[in-house]
Each structure stands twice: as C-alpha cells, then as structure tokens.
C-alpha cells in the first residue's frame, strides 16, 4: 500500500477527530420525519432521535432558520428544501437512474409494483420504484424503509452478507411480528437467508402487510458482491407464491441482469 493510500485509510477510520456531532444531530432530526411522523413536537423529536430536549431544540431551530423545516410554534414539519438532499443522491449516483426504466418496463409488463433497494442499517431502503395500476396500500416510495428481517428486499440483501455478519445483524435488530405471518425469530430468519443463498431469491408472504406477497433477487457487482436487490409485489388474490415465482421470477432475473450489465460493464 502506498503512503498516501495508507494515510487516507487512517483518516477514514479515525472519525473521532473529524466527526461533527452537531451535523449528525441535524441529520438525525431531518430523518426522523416520515409518513407516521409528519408533524412533530420538540419532545417527540427528542424521543425519536434519543437527543436531549436542548439538543433537539437547537437542531430544530437551525433547520427551521435554514428553510428545511417549518413550524407553527409547537410542531415542526418538512419543507421542499429537504428534497435537495434526496435529489443530490438520485442525480449523482448511476444506480437509481439506470434502474428506473427497467423497473418501469417490469411494472408495465406485470402490472405490478417493482422496486430497487439497498441495505441501510437494519432496513432495506428503496432507491428506485415503479408503481403499477394495481396500487398496494403500503404507499411505498423512494426513501421508504422496510425492516430487513421480514421483507423480501431485506432478506435478499442480508443473504448477500457473510453468514456471520448476517447473523450478527439479525441478532442486533429489533424484530417484531408486524402481522400474524411475520417470521421474526433469529433461527427462522437465518433459515430463510440460507434458502435465499441456495435458490437465488427471497420471498415475503403477508409478513409486512396482510394480503401482499413479494419476491426479490440480489444485484451483484463484478466481484459477486450484493450491492442492491430488485423486487416485485402482488396482491394475494391475484396469485399464490408458486404462481408468482413461475410468472415473474424470469422477468425479474432479466431486469436484474440488465441492470448489473449496465452498472458494471465488462
């Protein structure tokens, strides 16, 4: 390793000297808003972020002054300026833009919703999505997070990790039964990850939402590392799991392979 490479590696691995805690707190405040938390009080923000009320207040007032949040004096909510952060990612990274037309074509052919996700902490975060005419009630969109242990996207992503790392991640997750069908025990989740490694795809059958089935396949780079996962979701009344696999898995594979070829040309 050359000297400048060694120095850079040391700097990356030494966050204590460069880490800006106030910036972290500001980002934590921005990302605590969501569909279920669209308007929040100071105390609610403090609880969701784990900050002290004083720290939460400083972050909220700073973001308000910068135009990322608005307030009525009691509650705070997001303003369009926050979209600049998401736009910077979507416009600067090739994966979402390359995946979008493939997801649109897949959704048009199947008349179902298709998504691309990546692993973020304990969740799969959707970075590209195409919604079909048959809308699902989950209301997912770009930036939505799905618990990795019980979503098809998340399982496809976790299965791409070394088994020991996947086990450590699953053990460290907050795992709850979101529906009566949710698989959430560590042994059962690990069984499903092993099945995904063997079969090349992951499934979810009413575990996130009653009445919705989904299937996901991993997207790999030239070294075989899983960098994303692509999924398709259907209503249970349309087809069972066997029919879902037979009808849509080949199309999902083709879309995934096309994306991988465009992302990592030989």
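Select from the range 43-61 the residues that are free of Cβ contacts under 8 Å to residues at least 24 places away in the same chain and touching a helix residue (DSSP H, G or I) at 6+ places or on another chain (Cβ under 7 Å) and write down the one among them that is surrounded by the most Cβ atoms within 10 Å (Cβ to Cβ). Step by step, filter the range 43-61, then rank; the result is 46. Looking at the range 184-195, is at least one residue over 19 Å from the mean Cα position of the chain (by Cα), part of a loop (DSSP other than H, G, I, E, B) and at pLDDT 95 or above? Checking the range 184-195: at least one residue is over 19 Å from the mean Cα position of the chain (by Cα), part of a loop (DSSP other than H, G, I, E, B) and at pLDDT 95 or above. Could you tell me which numbered condition residue 90 fails, if it satisfies all but one of (1) more than 24 Å from residue 141 (Cα to Cα); (2) modelled with pLDDT under 95? Every listed condition holds for residue 90 apart from (1).
With respect to residue 218, determine if the residue is at pLDDT 95 or above, crowded, with 19+ Cβ neighbours inside 10 Å, outside any loop (DSSP other than H, G, I, E, B) and in the same structural domain as residue 132 (by TED's automatic domain parsing).
Details: at pLDDT 95 or above: yes; crowded, with 19+ Cβ neighbours inside 10 Å: yes; outside any loop (DSSP other than H, G, I, E, B): yes; in the same structural domain as residue 132 (by TED's automatic domain parsing): yes.
Here the answer is yes, as residue 218 does meet what is asked.
Taking the range 60-85 as the range and being under 26 Å from residue 127 (Cβ atoms) and in a helix (DSSP H, G or I) as the test, the residues that pass are 63, 66, 80, 81, 82, 83, 84, 85.
The values are calculated or read from the model by the stated rules, or taken from the named source; none is laboratory data. As the structure is a prediction and not an experimental result, all values here were calculated from the model. Counting neighbours? That spans all protein chains shown, and the Cβs are built from the backbone with ideal geometry, glycine included.
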